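Here the structure comes first, spelled out in structure tokens, and everything after it is commentary.
The values are calculated or read from the model by the stated rules, or taken from the named source; none is laboratory data. Since we're looking at a predicted model, the values are computed, not measured. Cβ sites come from the backbone with ideal geometry, for glycine too, and all protein chains shown count toward neighbours.
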């Protein structure tokens, strides 16, 4: 039987505030375990939480950017459950009256645009972190608890089950990350846990409108992991149904190394959490005027910037989409173009050699040692004919390691392109004389033979010969 996947994502975004949601402890990542804690975030008797106003501000900002309705009246609730990383034995979250309701995210997959609806966005505190002695809890002799993350502010973005594939889920996450980064509310570094995803997935016979029994895959820490986990789980559930079995509603974990999901626990329902209003925090009332103040702060969003890159700079849709996916990349690109470089040429370098270097070093565009002005300088040397594109590919790594300008690298290493026809004429004649077979092939109609001769000339001149001049001289001398 053919099945259709039904997927809804719950995305936790760690907010980029300096202090925690209900106390003054630092949210800095990577500190010594249990050093960013206090009686409030540890839930010691007699303490009173106080809401960090910036958390509310960021929540409204995110809600407006995602087309949500901002509730004028919302409140916090206690979500009760026991786990070692939760010192209070309850999590302060929002249940029936969240700060944001509704909303949507538009995604593009295989040239098709789809609108993914949102159920809600709510504020909550993060739990601590379990640190296992082994690779997983199953293979560990001991587990320690680090409470530094306890009380770090989160937004939980709950999506409707509108996604139909792992590829769509990946595109949805990438779009959410992009929007959060543009807003400046989160850095969304999945490797640091500042963006985490739980995927709810079920399968049903193709054409059916009934929802199947879902499994939840918890805390996947990469976009590719989300896609692979969903694809694996869809196949697993389909096989069970084909064999006449039933799906158990449960929480499952994604094991990246094995490429499988594993059972963690039978899933709880909302009633199991025994939600009740948080008595230590007053309800939140937000005025229309304050919402409008926050709306005025919204920057140009990824979709709008993508459209502008196409209309004002003449970029293809493909280039514009890739360049605007991350704010740092889009900012860098605009700085290069502002320095007087052709937009399409800048895009080719940004998405080609420059992106390759960023990936090798594992850094974002804003952390590149080659500034936008320096990259623009390199591209200008190509445009002037001072160096060829091939030589430029050798210059960029040297700029990266030395911090020198492109012109200085070219001068020091003697990489200026040879355009003098007199100097190149002798090299051309030498290569023609040394390769009679290629010359004969060319004269016999095998035009590709000239490519070999060009390659030999470039080799002889160590890549410094102007390819255009070389082609002209070869054509003239071969006739």
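In table form, for the structure just shown:
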| read-out | value |
| --- | --- |
| Yes/no for residue 119 being farther than 17 Å from residue 277 by Cβ, in a strand (DSSP E or B) and without any contact (Cβ under 8 Å) to a residue 40 or more places away in the chain | no |
| First in segment 443-466 and in contact (Cβ under 8 Å) with a residue 40 or more places away in the chain and assigned by TED's automatic domain parsing to the domain that holds residue 431, second anywhere and surrounded by 12 or more Cβ atoms within 10 Å (Cβ to Cβ) and part of a strand (DSSP E or B), Cβ under 7 Å, 6 or more apart | 458/465; 461/418; 464/418; 465/418; 466/418 |
| Any hit, segment 125-135, residues being assigned by TED's automatic domain parsing to the domain that holds residue 156, surrounded by 16 or more Cβ atoms within 10 Å (Cβ to Cβ), touching a residue at least 24 places away in the same chain (Cβ under 8 Å) and part of a strand (DSSP E or B) | yes |
| Residue under evaluation residue 339, criteria (1) outside the structural domain of residue 47 (by TED's automatic domain parsing); (2) touching a residue at least 12 places away in the same chain (Cβ under 8 Å); (3) under 26 Å from the mean Cα position of the chain (by Cα), criterion not met | (3) |
| Selection count, segment 48-84, where residues are assigned to a loop (DSSP other than H, G, I, E, B) and at pLDDT 95 or above | 12 |
| Criterion: closer than 20 Å to residue 339 by Cα, touching a residue at least 12 places away in the same chain (Cβ under 8 Å) and either in contact with a helix residue (DSSP H, G or I) (Cβ under 9 Å, 6 or more places away or on another chain) or surrounded by fewer than 17 Cβ atoms within 10 Å (Cβ to Cβ) (or both) - qualifying residue of 391, 379 | 379 |
| Residue within segment 183-191 that is surrounded by 17 or more Cβ atoms within 10 Å (Cβ to Cβ), on the phi > 0 side of the Ramachandran plot and either in contact with a helix residue (DSSP H, G or I) (Cβ under 7 Å, 6 or more places away or on another chain) or outside the structural domain of residue 20 (by TED's automatic domain parsing) (or both) present | yes |
| From the options 280, 272, residue that is assigned to a helix (DSSP H, G or I), surrounded by fewer than 17 Cβ atoms within 10 Å (Cβ to Cβ), assigned by TED's automatic domain parsing to the domain that holds residue 61 and in contact (Cβ under 8 Å) with a residue 24 or more places away in the chain | 272 |
| Breaking point among (1) closer than 29 Å to residue 345 by Cα; (2) touching a helix residue (DSSP H, G or I) at 6+ places or on another chain (Cβ under 7 Å); (3) outside the structural domain of residue 346 (by TED's automatic domain parsing); (4) not in a loop (DSSP other than H, G, I, E, B), for residue 396 | (3) |
| Per-region count, segment 153-178, residues under 21 Å from residue 53 (Cα atoms) and out of contact with any strand residue (DSSP E or B) (no Cβ under 6 Å at 6 or more places or on another chain) | 1 |
| Residue list for segment 217-236, restricted to those being in contact (Cβ under 8 Å) with a residue 60 or more places away in the chain and either out of contact with any strand residue (DSSP E or B) (no Cβ under 7 Å at 6 or more places or on another chain) or surrounded by fewer than 20 Cβ atoms within 10 Å (Cβ to Cβ) (or both) | 227, 228, 231 |
| Single residue of 230, 240, 247, 260 found to be within 30 Å of residue 302 (Cβ to Cβ) and in the same structural domain as residue 136 (by TED's automatic domain parsing) | 230 |
| Search result, residues across segment 72-97 that are over 30 Å from residue 265 (Cα atoms) and buried (at least 19 other Cβ atoms within 10 Å of the Cβ) | 74 |
| When residues of segment 150-177 are limited to those that are surrounded by fewer than 21 Cβ atoms within 10 Å (Cβ to Cβ) and out of contact with any helix residue (DSSP H, G or I) (no Cβ under 8 Å at 6 or more places or on another chain), the one farthest from residue 96 (Cα to Cα) | 164 |
| Index of the failed condition, residue 401 passing every other in (1) in the same structural domain as residue 354 (by TED's automatic domain parsing); (2) in contact with a strand residue (DSSP E or B) (Cβ under 8 Å, 6 or more places away or on another chain) | (2) |
| Residues of segment 1-48 that turn out to be in contact with a strand residue (DSSP E or B) (Cβ under 7 Å, 6 or more places away or on another chain) and surrounded by 12 or more Cβ atoms within 10 Å (Cβ to Cβ), as a count | 24 |
| Options 289, 285: the member that is loosely packed, with under 15 Cβ neighbours inside 10 Å, assigned by TED's automatic domain parsing to the domain that holds residue 22 and in contact (Cβ under 8 Å) with a residue 24 or more places away in the chain | 285 |
| Test for residue 150: is it assigned to a loop (DSSP other than H, G, I, E, B), at pLDDT below 95 and in contact with a strand residue (DSSP E or B) (Cβ under 9 Å, 6 or more places away or on another chain) | no |
